[in-house]
Structures are given as C-alpha cells and as structure tokens.
Amino acid sequence: MAQETAQTPTVIRQQLINNAQLCQQLVTEIKARKPRYVLMIGRGSSDHAGVFGKYLLEIELGIPVMASSPSVFGIYHKSVDYKDALVIAISQSGRSPDIVNQVKSARASGAMCVALVNDQQSPLAQVADWVLPMNAGLEQSVAATKSYLASLSALLQLAAYWNNNSALLSSLNSLPEALNQVLTEPAQLTPDTLRNMQHCVMLGRGFGYAISREMALKLKEVLAIHCEAFSSAEFMHGPSAMLANHIQVIDVQVEDESASVHSSQIQTFAQQGGRVVALSHPQLTVHPRCLPLLVVLRFYVDVERIAQAYGRDPDRPQGLKKVTETH
C-alpha cells in the first residue's frame with residue numbers, strides 16, 4: 001500500500017500524457033452522440049470515484065449524472081432503457097460480473113458505454129464501446145490507492161477536454177508535482193489520533209463529501225474502524241444527534257466554493273460536542289477541482305503508517321481479497 005501510494009504522482013503524470021489524444025477523440029464522439037445524462041457504474045472505491053464524477057460533470061458541464069443500481073439487472077433481472085445515456089463504468093479489475101453485465105445491458109439498450117478500467121484486457125473492457133485506461137499499473141494491495149486517484153485524474157482530464165477548460169487542463173499538468181509535495185508533508189492522522197477509536201463520522205461538502213466516502217472505506221478496511229461518511233449538510237438532518245455522545249468528527253476540508261459554508265457547519269458541530277480532527281491540503285496553486293486528490297493522497301500515507309503502528313497488515317485486511325466479484 002505504501003509503495004503503490006507513492007507511485008501515484010508518476011502514474012498520473014504518465015496517464016495524462018498517454019490519454020490526451022484518446023480523451024479528445026472520446027469527447028468528439030460524446031458530443032456527436034449528445035447524451036442527455038451520464039450513468040456511473042461501480043462498486044467500492046470505483047463507486048466513490050463515480051460520486052466525484054457526479055459533482056465534477058454536473059458542476060463543470062451541467063449534465064445530470066446518476067448512480068447505477070447493479071442489482072436491478074443482476075438480482076432482479078430487469079433491464080432499463082439507457083438509450084440517451086453516456087455510461088461510465090469504473091473498475092480497477094474490470095471483472096465483477098454485475099458491472100460487466102450491466103454495461104452489456106446498457107449498451108444493448110442504446111447507451112454509449114465507456115470503461116474506465118485498469119486492466120485493458122478485462123471482460124469490462126471487452127464489452128464497452130470505449131476504454132479509458134487508468135494506466136495505474138499492477139496494484140497488489142487490497143486497498144485501492146493509486147487506481148482510485150487515477151480514476152479521479154482520468155475523469156478530470158475527460159471533463160476538461162469536454163468543457164474546453166484550458167485552466168483545468170493546465171492545472172492537470174502541475175498536479176503530479178503537487179502530489180509529490182503532498183508526500184513530503186507532515187502527517188495529519190497519527191496512531192495517537194485514532195487509538196482506541198471504534199466509531200467516527202467523516203464530513204465533507206461537495207467534492208469533500210465525495211472523497212470522504214472513499215476515505216471512510218479505507219478506515220473500515222485497513223484499520224477496522226467503523227466510519228460513516230456524510231455531507232456536512234446532510235449530517236444536520238438527523239445524524240447530528242450523535243454529537244451528544246461526543247463522537248469523533250473527521251473534517252475533510254477542500255478550499256473550493258464549498259469551504260466557507262462547510263467550515264461554518266463544522267464549527268457548529270464542535271460546539272455541539274463533536275471532537276473534530278481536520279484533514280486538508282497544502283496551499284498550492286492548482287485548480288480547485290484538483291485539490292481533493294491532494295487530501296486523499298496524504299490520508300492514504302497516514303492510514304498505511306497507522307496500520308503498521310497497530311500491527312495490522314494494510315495490504316491484506318482480514319476477510320478481504322483484491323478482486324471482489326459480485327453478481
């Protein structure tokens with residue numbers, strides 16, 4: 001996990017170079033097809049990448065994005081008409097039958113299907129119209145790190161070309177160096193921070209919420225800590241009652257348009273009894289849409305080190321395996 005996390009800046013630098021022409025060709029096809037909405041398909045970390053994609057494409061392009069329900073096809077055996085959709089299926093392995101079969105069904109109904117996948121020879125790659133490679137290389141740790149972040153950078157590059165966003169494209173060129181700097185930053189979470197913690201909530205807003213879903217998953221699978229992710233706005237609608245028990249709040253800070261309202265909500269939660277630990281990114285000159293990746297990378301480094309300090313194996317958590325196949 002530590003080695004693969006550290007490879008992320010190099011992976012993303014090479015991915016952005018390798019995929020540039022492909023992204024432009026893909027965008028030409030997307031614009032010709034004129035999809036009315038986007039359907040995101042994924043499980044686990046890939047599903048969380050899809051939530052990031054939802055915020056990204058709705059904010060930058062104004063196109064509706066919805067999440068798939070793979071069980072509708074796989075368990076209930078119902079087909080859905082996706083003829084006006086752009087389907088983006090995200091998967092590191094590309095081998096989970098429910099994801100593959102849903103893409104087959106969507107394509108049969110007339111959708112344009114893109115596989116954002118690490119294994120270009122996988123079943124998922126074979127059934128899609130287009131393959132957008134993560135180019136993350138071999139990932140052996142059960143906990144996805146570089147492949148998750150490569151999913152986000154691929155979505156950012158796709159959105160930048162789709163929207164002719166020169167500022168975002170320019171910032172993507174400097175993203176690998178910003179990620180390298182994050183690797184040298186001081187830890188934000190330490191063994192003492194999380195020691196004896198069994199339950200916590202992780203709160204973000206917008207893109208901060210999107211990445212908090214992924215980071216909460218990592219606390220569960222790598223450290224066996226029960227962590228639930230919420231939008232800081234959604235947390236006010238009932239779950240904030242848990243603050244009466246002085247629950248630990250992990251605050252995911254992203255300095256974009258959401259920052260002021262999110263910070264105000266976190267201050268309120270602290271006054272209501274929440275014990276707040278803040279995660280953030282260094283103040284670097286990159287596009288706001290790139291900032292969430294900096295937060296996640298630092299978090300991955302910290303969690304791996306905490307697992308080692310606790311005597312846990314971050315690469316092979318109990319009861320888990322690298323390729324999870326669901327139907």
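The values are calculated or read from the model by the stated rules, or taken from the named source; none is laboratory data. This structure is a prediction, so every number in the text was calculated from the model and none was measured. As a convention, Cβ positions derive from the backbone with ideal geometry for all residues, glycine included, and neighbour counts pool all protein chains shown. Ligands, DNA and RNA are stripped out before the accessible areas are found, and what is left, the full protein with its side chains, is counted by its heavy atoms. Shrake-Rupley method; radii C 1.70, N 1.55, O 1.52, S 1.80 Å.
Taking only protein heavy atoms into account and a 1.4 Å probe, give the accessible area per residue of the chain in Å².
Per residue, the chain has an accessible area of 42 Å².
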For this session: Run a plain Debye calculation on the stretch 8-159 (Cα atoms as equal point scatterers, no solvent) and give log10 I(q)/I(0) at q = 0.10, 0.17, 0.19, 0.20 Å⁻¹, rounded to two decimals, same order as the q list.
Result: -0.30, -0.92, -1.17, -1.30
For this session: Determine the share of the stretch 73-151's accessible area contributed by carbon and sulfur atoms, expressed in whole percent, with a 1.4 angstrom probe.
Result: 48 percent
Exercise. Roughly how many debye, to the nearest 20, is the charge dipole of the stretch 164-249 about its Cα centre, given +1 on each Lys and Arg Cβ, -1 on each Asp and Glu Cβ, and no other charges?
Worked result: 140 debye
Exercise. Among Met197, Met134, Met112, which one shows the biggest mean-square fluctuation in a GNM of the chain, springs joining Cα atoms closer than 10 Å?
Worked result: Met197
Exercise. When the accessible area of the stretch 8-61 is computed with all protein chains present and a 1.4 Å probe, what percentage of it is carbon and sulfur?
Worked result: 47 percent
Exercise. Rounded, prolate or oblate: which fits the stretch 1-76 when a ≥ b ≥ c are the square roots of the eigenvalues of the alpha-carbon gyration tensor, with rounded for a/c under 1.5 and prolate only if a/b beats b/c?
Worked result: oblate
For this session: Measure nothing but the geometry: give the 0 to 90° angle between the long axis through the Cα atoms of 146-162 and the longest principal axis through the Cα atoms of the chain, rounded to 10°.
Result: 60 degrees
For this session: Mind putting a number on the dipole of the chain about its Cα centre? Charges go on the C-beta only, +1 for Lys and Arg and -1 for Asp and Glu, and I need it in Debye to the nearest 20.
Result: 540 debye
Exercise. What's the carbon and sulfur percent of the stretch 197-261's accessible surface, probe 1.4 angstrom, rounded to a whole number?
Worked result: 52 percent
Exercise. How high is the FRET efficiency from Ala244 to Tyr310, r the C-beta distance, R0 30 Å, rounded to 0.05?
Worked result: 0.55
Exercise. Placing +1 at every Lys and Arg Cβ and -1 at every Asp and Glu Cβ, with all other atoms neutral, what dipole size does the stretch 194-327 have around its Cα centre, in debye to the nearest 20?
Worked result: 320 debye
For this session: Per residue of the stretch 281-297, in order, report the coupling 6.51 cos²θ - 1.76 cosθ + 1.60 (Karplus, θ = phi - 60°) as ³J(HN,Hα) in whole Hz, putting x for Gly and Pro.
Result: 10, x, 7, 10, 8, 10, 4, x, 6, 8, 4, x, 5, 5, 5, 5, 4
Seminar exercise, completed: So the number of lysine pairs in the chain with alpha-carbon atoms under 16 angstrom apart, 8 or more residues apart or on different chains, is 10
Seminar exercise, completed: Whole-Hz Karplus couplings 3J(HN,Hα) for the stretch 206-214, θ = phi - 60° and coefficients 6.51, -1.76, 1.60, Gly and Pro as x, run x, 4, x, 5, 4, 6, 5, 4, 5
Problem set entry | Cut-off under 5 Å, modelled amide H: who pairs with Ile225 long-range | Lys220
For this session: Please label the shape of the stretch 164-312 as rounded, prolate or oblate, based on the square roots a ≥ b ≥ c of the eigenvalues of the alpha-carbon gyration tensor (a/c under 1.5 means rounded; beyond that, a/b larger than b/c means prolate, else oblate).
Result: oblate
Exercise. In degrees between 0 and 90, to the nearest 10, how far off the longest principal axis of the chain does helix 166-183 point, with axes built from Cα atoms?
Worked result: 40 degrees
Exercise. Over the chain, what lengths in whole Å, largest first, do the semi-axes of the equivalent ellipsoid take, defined as the square roots of 5 times the eigenvalues of the alpha-carbon gyration tensor?
Worked result: 31, 21, 21
For this session: Starting from the Cα gyration tensor of the stretch 63-131, take the square roots of the eigenvalues, sort them a ≥ b ≥ c, and report rounded, prolate or oblate (rounded when a/c is under 1.5, otherwise prolate if a/b is larger than b/c, else oblate).
Result: oblate
Seminar exercise, completed: Contact order relative to length for the stretch 168-231, counting C-alpha pairs under 8 Å separated by 6 or more residues, stands in percent at 30 percent
Exercise. Which value results when the Cα radius of gyration for the stretch 147-211 is divided by 2.2 N^0.38 Å?
Worked result: 1.49
Exercise. Of Tyr82, Tyr300, Tyr76, which has the most accessible area with a 1.4 Å probe, and how do the rest follow in descending order?
Worked result: Tyr76, Tyr82, Tyr300
Exercise. Sequence-distant or interchain residues sharing an amide H contact under 5 Å with Met202, placed H: which?
Worked result: Glu228, Ala229, Phe230, Ile250
Exercise. Mind checking which of Gly50, Gly208, Gly137 has the largest fluctuation in a GNM of the chain, springs on alpha carbons under 10 Å?
Worked result: Gly137
